[in-house]
Amino acid sequence: MELIVALIVIIVFCKILGVSNEMLVLGGLVLIELTIILMMLLFAYSLVRMLFTKRKTARFTRVDKAPKGSLKVAYYEVDGEEYPCFFPSEMVLNDKMYRTDRTYHVLFSPGMKKVFDLWTIITCVIGFIFSAGAVFLTMQLVMLIPEI
């Protein structure tokens, strides 16, 4: 809600200063493109971090709030210690995805003291593919726009 109010205030100030509608739209598109690029970089960072992990057998213990953050994450027990997952847990189907009666193969990062479970790995791979595709596609579309 605060973001919407801030955007409205910025747009009103720009209109008072005489900024054209075309420039406002262009500025909005630039912000959207930067968001897509940042998403791609986040997924790329996650994939690189996964390269330096160790495959471990883990037992799912619980879903709870992250130590640093407000989102809920899955916790796994690896070698007798409990570690949070790198990404937040899914909000739906928790009982189907995370079961305490099973052991899981996870990627454990000793440096970060976090695990990458199957759902995090799938999210990172698919997220990187789609965000890189979106960056490529939007850059191709920008090349088609005639110079202003």
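Computed from the coordinates by the stated procedures, all read-outs in this text should not be read as laboratory data. As the structure is a computational prediction, the values presented were derived from the model and not from experiment.
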Can I get the semi-axes of the chain's equivalent ellipsoid? Compute them from the C-alpha gyration tensor as square roots of 5 times the eigenvalues, in angstrom, largest first.
40, 19, 12
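Give the average over all directions of the projected area of the C-alpha convex hull of the stretch 83-127, one decimal, in nm².
On the way: hull surface 14.2 nm².
Orientation-averaged projected area of the Cα hull: 3.6 nm².
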Among the helices of the chain (complete DSSP H runs), which have Cα atoms covering no less than 24 Å along the helix axis and a Kyte-Doolittle mean of at least 1.6?
21-51, 118-144
Grab the chain and count how many Lys pairs have their alpha-carbon atoms under 19 Å apart, sequence gap of 8 or more, or different chains.
11
Out of Ile11, Ile129, Ile32, any idea which swings most in a Gaussian network model of the chain, alpha carbons joined below 10 Å?
Ile11
